[in-house]
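Working notes for the structure below.
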Amino acid sequence: MKTSVAVVLTALISALGGTSALPAASSASKAIQTQSLTGPNGEPYVPGQFFDRFFMIIGENMDFWDVEAQATFANLWKQAPNGRLLGNYYAITHPSQPNYFAHIAATSYGWNSDSPVNITGSESFTIIDLLEEKGISWAGYAEDYPITQGCYIPYAPEYANGTEVPHSYVRKHFPFVSFETIYTNKTRCNNLYNAEEFWKHLKENKLPQFVYFTPNLLNDGHDTDASYFASYIQETWINTFYYNDYFNAGALNYISLDESGNTTGFNTVPGDNNNHIYAALWGGALSNRNIYDKYDFNRYNHSSIAATLEMNWWGETGLLGRNDTYAPFFAVPNDGTN
Ligand SMILES: *[C@@H]1O[C@H](CO)[C@@H](O)[C@H](O)[C@H]1NC(C)=O
Ligand SMILES: *[C@@H]1O[C@H](CO)[C@@H](O)[C@H](O)[C@H]1NC(C)=O
Ligand SMILES: *[C@@H]1O[C@H](CO)[C@@H](O)[C@H](O)[C@H]1NC(C)=O
Ligand SMILES: *[C@@H]1O[C@H](CO)[C@@H](O)[C@H](O)[C@H]1NC(C)=O
Ligand SMILES: *[C@@H]1O[C@H](CO)[C@@H](O)[C@H](O)[C@H]1NC(C)=O
Ligand SMILES: *[C@@H]1O[C@H](CO)[C@@H](O)[C@H](O)[C@H]1NC(C)=O
């Protein structure tokens with residue numbers, strides 16, 4: 001058994017582009033200490049067991065290998081500080097919207113549509129309610145969000161003549177505005193921002209502790225392709241991802257897709273539902289003891305995000321009583337499968 005695991009690992013590692021050397025940045029960023037950090041409104045950070053900030057950014061509709069085939073993404077988990085590939089990460093369903101719901105709610109609600117819907121009552125409890133209860137700051141940032149701050153309810157921005165602005169912000173990719181616990185509460189709505197505010201908060205070292213970032217329909221690859229998504233990440237983010245000490249200190253940073261691109265055979269392909277997607281983690285929360293810690297083959301899905309936040313700040317999972325009870329939390333600081 002041990003041998004066959006090693007053989008599989010070796011094969012995968014070579015398929016994934018060889019045993020590149022561990023980056024020099026690994027040890028450096030681990031050493032960076034967070035010091036009385038605050039969120040955008042000056043709220044003090046609530047320290048977590050493994051990290052003080054979770055950042056996530058989401059691309060659209062691509063299979064694992066279409067993304068990993070792009071140099072930007074093949075390099076990201078190898079070269080970003082303490083980077084790690086989650087090699088066995090699956091989206092929940094198709095189309096987009098219920099996957100975005102699952103990011104914060106640990107369930108898709110069995111929903112299978114991109115049409116606007118309001119999740120109400122106790123169904124609308126999400127990770128945001130948990131964070132709020134504990135005084136942990138959070139924010140959602142969306143590119144081309146038509147307002148600077150607050151809840152924007154329509155599906156997409158519109159021109160004066162009433163037609164939708166193409167390749168822009170869309171509601172189905174920004175889950176917060178669909179949850180009653182958020183859209184009825186002005187204080188919470190004020191944690192939703194146009195992405196330009198992200199860059200300001202980053203520059204001022206005032207990012208909140210849970211950061212959710214939604215690119216527009218061009219940059220996330222939805223109306224374009226994997227190569228466009230890769231160029232966007234390369235040009236807009238790689239500097240921050242690799243070299244920004246504030247961004248990486250005490251942080252667990254995450255990049256993935258909402259769902260795979262090939263929907264053929266969904267729910268009929270045994271084992272994987274054909275929804276295998278690229279996911280990578282990096283930042284000060286992680287520590288790679290050796291080359292094998294660069295890969296984690298636990299079977300994660302979007303419910304693992306809530307489980308990870310819960311384990312970090314509450315020391316247990318399942319606080320939403322949904323699939324956060326069953327989904328494994330991301331192994332930190334070392335890879336859990338070795
Ligand atoms: C959801 O609720 C908002 C705020 O009350 C309302 O404007 C919107 O029409 C509702 N959307 C749906 C799809 O029910
Ligand atoms: C609405 O306005 C936009 C922006 O000016 C324009 O590109 C679009 O063609 C217009 N659509 C219609 C149906 O008039
Ligand atoms: C709105 O959200 C804030 C922040 O979580 C909370 O303190 C307040 O009680 C909420 N208001 C209502 C009416 O639920
Ligand atoms: C899509 O998935 C189906 C089922 O697994 C597979 O037969 C097909 O080859 C895939 N298509 C592409 C383009 O990868
Ligand atoms: C877990 O996820 C599955 C698949 O989306 C869903 O059918 C089920 O209702 C979820 N379970 C809970 C307890 O939310
Ligand atoms: C996610 O993974 C867990 C653990 O394997 C599983 O129980 C759950 O149904 C999966 N789907 C969702 C939506 O969480």
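The values are calculated or read from the model by the stated rules, or taken from the named source; none is laboratory data. Note that this is a predicted model, so its numbers are computed, not measured. Methodologically, a virtual Cβ is constructed for each residue, glycine included, from the backbone with ideal geometry; neighbour enumeration extends over all protein chains shown. The accessibility values were calculated without ligands, DNA or RNA, using every heavy atom of the protein model including side chains. Shrake-Rupley method; radii C 1.70, N 1.55, O 1.52, S 1.80 Å.
Anything in the range 116-141 that is among the small types (Gly, Ala, Ser), surrounded by fewer than 18 Cβ atoms within 10 Å (Cβ to Cβ) and touching a residue at least 24 places away in the same chain (Cβ under 8 Å)? List them, or say none.
Selection gives 121, 135.
Limited to the range 179-195, what total is found for residues that are surrounded by fewer than 23 Cβ atoms within 10 Å (Cβ to Cβ) and touching a residue at least 24 places away in the same chain (Cβ under 8 Å)? If you could, list the steps in order and put the result at the bottom.
First, pick out the residues of the range 179-195 that are surrounded by fewer than 23 Cβ atoms within 10 Å (Cβ to Cβ): 180-181, 183-190, 193-195.
Going one step further and asking which of them are touching a residue at least 24 places away in the same chain (Cβ under 8 Å), we end up with 180-181, 183, 186, 188-190, 193-195.
Count: 10.
Determine the pairs where a residue that is closer than 22 Å to residue 312 by Cα, located within the range 201-216, has a partner that is open to solvent by less than 10 Å² (accessible area, probe 1.4 Å) and modelled with pLDDT under 95 with Cβ atoms under 7 Å apart, the partner being 6 or more residues away or on another chain.
206/39; 208/39; 209/39
One residue is enough: does the range 264-274 have a residue meeting the conditions within 16 Å of ligand 6 (Cβ to nearest atom), open to solvent by less than 20 Å² (accessible area, probe 1.4 Å) and acidic (Asp, Glu)?
No - not one qualifying residue is present in the range 264-274.
Read through the list (1) closer than 23 Å to residue 314 by Cβ; (2) surrounded by 22 or more Cβ atoms within 10 Å (Cβ to Cβ), then give the number of the only condition that residue 37 fails.
(2)
When you go through (1) of a type outside the set (A, V, I, L, M); (2) at positive phi; (3) open to solvent by less than 10 Å² (accessible area, probe 1.4 Å) one by one for residue 167, which number turns out not to apply?
(3)
Identify the single condition in (1) assigned to a loop (DSSP other than H, G, I, E, B); (2) exposed (fewer than 15 other Cβ atoms within 10 Å of the Cβ) that residue 108 does not satisfy, given that it satisfies every other one.
Of the numbered conditions (1) assigned to a loop (DSSP other than H, G, I, E, B); (2) exposed (fewer than 15 other Cβ atoms within 10 Å of the Cβ), the odd one out for residue 108 is (2).
Has the range 154-161 got at least one residue that is part of a loop (DSSP other than H, G, I, E, B) and touching a residue at least 40 places away in the same chain (Cβ under 8 Å)?
no
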